Amino acid sequence: MISNKTYTVEEALLKLQNYCSYQERCHQDVQQKLIGMRMIPEAIDQIIGHLLEHNFLNEERFAKAYVSGKFRIKKWGRRRLILELKKKDISKYNINQAINEINEVEYIETFNALAKNRLNYIKETNKLKKKKKLADYLLYRGWESHLVYEKVNELIK
């Protein structure tokens with residue numbers, strides 16, 4: 001659905017302030033939204049500058065919220081979280097800050113619970129295929145390979 005509506009800088013700014021207030025956004029999200037609103041590059045720069053200046057847009061805050069949410073809700077591992085943040089052009093510094101906020105004990109507990117839970121859903125009888133299915137699932141979710149293979153061998157003997 002492409003609308004033909006044109007926006008003044010003030011209208012676009014108001015719209016983007018609401019957009020950023022509703023949920024943490026990264027620069028890339030905001031830029032895509034403005035491009036979708038058919039704003040010119042000068043207006044985009046002006047609006048992003050204003051949002052940064054007034055703290056509507058904060059990449060460090062976005063990275064921390066993103067990592068926290070995806071880890072707790074989707075149970076993603078560090079590798080997946082880092083990959084997804086890189087796709088959103090988040091700086092290495094902000095990625096590291098956000099990843100370091102994950103509590104190590106909670107991280108391992110979440111991983112163990114996820115692995116055990118997933119194992120209950122795998123109906124495969126062949127041990128090797130069962131191991132592969134569990135490992136693939138955990139690797140896809142972004143958990144470190146050394147953790148995955150250790151856990152798979154521990155759970156499936």
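The values are calculated or read from the model by the stated rules, or taken from the named source; none is laboratory data. Keep in mind that what you see is a predicted model, and the values were worked out from it rather than measured. Virtual Cβ from ideal backbone geometry, glycine too; neighbours counted across all protein chains shown.
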**OP:** Check G69 against each of (1) without any contact (Cβ under 8 Å) to a residue 24 or more places away in the chain; (2) within 30 Å of E106 (Cα to Cα); (3) surrounded by 19 or more Cβ atoms within 10 Å (Cβ to Cβ) and name the one condition it does not meet.
**Re:** (3)
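Name every residue in the range 111-138 that is among the β-branched types (V, I, T) and either surrounded by 12 or more Cβ atoms within 10 Å (Cβ to Cβ) or in a helix (DSSP H, G or I) (or both), in order of residue number. Before the answer, list the steps.
Going through the range 111-138, the residues among the β-branched types (V, I, T) turn out to be 122, 125.
Matches in the range 111-138: I122 only.
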Original post:
Somewhere in the range 71-79, is a residue modelled with pLDDT under 95, of a type in the set (D, E, K, R) and in contact with a helix residue (DSSP H, G or I) (Cβ under 8 Å, 6 or more places away or on another chain)?
Top reply: no
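Pick from K64, K74: which is under 30 Å from N18 (Cβ atoms), within 13 Å of the chain's Cα centre (by Cα), surrounded by 13 or more Cβ atoms within 10 Å (Cβ to Cβ) and outside the structural domain of S21 (by TED's automatic domain parsing)?
On the way: K74 fails: surrounded by 13 or more Cβ atoms within 10 Å (Cβ to Cβ).
Selected residue: K64, the only one of K64, K74 that is under 30 Å from N18 (Cβ atoms), within 13 Å of the chain's Cα centre (by Cα), surrounded by 13 or more Cβ atoms within 10 Å (Cβ to Cβ) and outside the structural domain of S21 (by TED's automatic domain parsing).
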**OP:** Show the residue pairs that are 6+ apart or on different chains and have beta-carbon atoms under 6 Å apart, the first residue being within the range 100-125 and closer than 15 Å to R72 by Cα, the second being outside any helix (DSSP H, G or I).
**Re:** T110/K75; F111/W143; L114/K75
Original post:
Scanning for something farther than 25 Å from I82 by Cβ and assigned to a helix (DSSP H, G or I), does the range 139-152 turn up at least one residue?
Top reply: no
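With closer than 22 Å to K15 by Cα, surrounded by 13 or more Cβ atoms within 10 Å (Cβ to Cβ) and either touching a Pro at 6+ places or on another chain (Cβ under 6 Å) or touching a residue at least 60 places away in the same chain (Cβ under 8 Å) (or both) as the only criterion, which of K33, K88 stands out?
Numbers: K33 fails: either touching a Pro at 6+ places or on another chain (Cβ under 6 Å) or touching a residue at least 60 places away in the same chain (Cβ under 8 Å) (or both).
K88 is the lone residue from the list that is closer than 22 Å to K15 by Cα, surrounded by 13 or more Cβ atoms within 10 Å (Cβ to Cβ) and either touching a Pro at 6+ places or on another chain (Cβ under 6 Å) or touching a residue at least 60 places away in the same chain (Cβ under 8 Å) (or both).
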